[in-house]
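Bear in mind that the values in this text are calculations on the coordinates, not laboratory data. Values in this document were obtained by computation on a predicted structure and should not be read as measured data. Cβ sites come from the backbone with ideal geometry, for glycine too, and all protein chains shown count toward neighbours.
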Amino acid sequence: MPFAEVGAIRLYYEEAGTGHPVVFVHEFAGDLRSWEPQLRHFSRRYHTIAYNARGYPPSDVPAAMADYGQDQATDDIAGVLRHLKIEKAHVVGCSMGAFAALHFGIRYPELASSLVVVGVGYGAAPAVHQQFQREAEATAGRLEQEGMAEVAKSYMLSPSRVQFQNKDPRGFRESYRFFSEHSALGSANTLKGYQARRPSLYALEAELKRISVPTLLVLGDEDEPGIDANVFLKRTIPSAGLVVLPRTGHAANLEEPVVFNQLVEEFFHTVEAGRWTMRDPRAAVGGQILGMGKPT
């Protein structure tokens, strides 16, 4: 099995294809298998890499909560790229992995060709940030006491995941099985050490405004906890574009793989052609609505 060593932690990864590198960073309920529709598609033209985060076997499962966190998750992306001697890559993250991708754009812009940020925003709004932290802690406690299989019964039927079940029962059952197979210890530590302690996106406004890496935000319109956060990110990141998929929940890459792959591939081509530019300042509405002020 191939492993990338990041400090004292070994991260299991898989790679396929040749071309410009693309690294996929999975969500809390997923693992590298959650990117299979993308790995099959993009490995035809790109060097694709997906890895299991720390806490997700066969990657190492540190016993100490201190070994999990937003900084560690961000550093792990860089660690995998450095292990593979990759100078620059497109970085695609979903949910928990999307937070890591955004932080990667802040801390490691020189390593990022672009960022694709999918389903980000859970617990980001100041009004719900503490509630999210409490729920993450409570879910971690359930994992420690009841185990993965029991928690999966409710977690995988949350309001923003039932869309996947309705559209693709077979794919949903597979994702349900993947989640049930995870380490209860690793998942609990991920919730307590990473998700419950990550900063609100709104507290990072100054850093987000400095992102110049081409960024594509992707969201399902029924992924309610992320809607306001994605509008905030679109308005804040000067290099960001926003795509909203109709009647779609949290795992947009799995719910709508064909549309998702087309959108992301077109984004990659635009970036590689040097045509994804910073937002034209004239596009900012400011105090005007109809755009009929005095010409400048």
What residues of segment 215-232 lie in the reach of a label at LYS167, counting those whose backbone N is under 18 Å from a point 7 Å from the Cα along Cα→Cβ?
217-227
Positive minus negative residues near ASP228 (Lys, Arg vs Asp, Glu; Cβ under 15 Å)
-3
So what's the net charge close to LEU81: Lys and Arg +1, Asp and Glu -1, counting the other residues with Cβ under 12 Å from its Cβ?
-2
Reachable lysines from LYS88, criterion Cα separation under 26 angstrom, eight or more residues apart if same chain:
LYS209, LYS234
Grab the other residues whose beta carbon is less than 12 angstrom from that of PRO126, score K and R as +1, D and E as -1, and report the net.
-2
Please build a GNM for the chain, connecting alpha carbons under 10 Å apart, and tell me which residue among HIS26, HIS83, HIS250 fluctuates the most.
HIS83
Dipole of the chain, Cα-centred, from +1 at each Lys and Arg C-beta and -1 at each Asp and Glu C-beta, to the nearest 20 debye?
640
Show which lysines lie in cross-link reach of LYS192 when reach means a straight Cα distance below 25 angstrom and same-chain residues fewer than eight apart are skipped.
LYS153
Here the membrane-span-like helices of the chain, with no claim about any membrane, defined by DSSP H, Cα axial extent at least 18 Å and mean Kyte-Doolittle at least -1.0, are 70-83, 224-236, 257-272
Rounded to whole Hz and in sequence order, give me ³J(HN,Hα) for segment 239-254 from the Karplus expression 6.51 cos²θ - 1.76 cosθ + 1.60, θ = phi - 60°, writing x for Gly and Pro.
9, 9, x, 10, 10, 10, 8, x, 6, 10, x, 7, 8, 4, 5, 8
One finds the C-alpha centres of segment 253-283 and segment 136-206 to be spaced, in Å, by 28
Listing VAL92, VAL151 from the residue with the fewest other Cβ atoms within 10 Å to the one with the most, what is the order?
VAL151, VAL92
Counting only backbone N atoms under 20 Å from a point 7 Å out along Cα-to-Cβ of ARG33, the residues of segment 125-165 in range are 147-158, 161-162, 164-165
As a test of understanding, state the convex hull volume per residue of the chain from its alpha carbons, in Å³.
133
For ALA112, enumerate residues with amide H under 5 Å from its amide H, sequence gap 5+ or separate chain, H modeled in the peptide plane.
ALA89
With -39,500 (n - 2.57) per DSSP H segment of 4 or more residues and division by the full residue count of the chain, the 222 nm estimate, nearest 500 deg cm²/dmol, is -12500 deg cm²/dmol
If amide H atoms are modeled at 1.01 Å from N in the peptide plane, then the residues at a separation of 5 or more from LEU217, or on another chain, having amide H under 5 Å from its own are VAL117, GLY241, LEU242, VAL243
Candidates SER154, SER95, SER34: whichever shows maximal mean-square fluctuation once the chain is modelled as a Gaussian network with Cα springs under 10 Å:
SER154
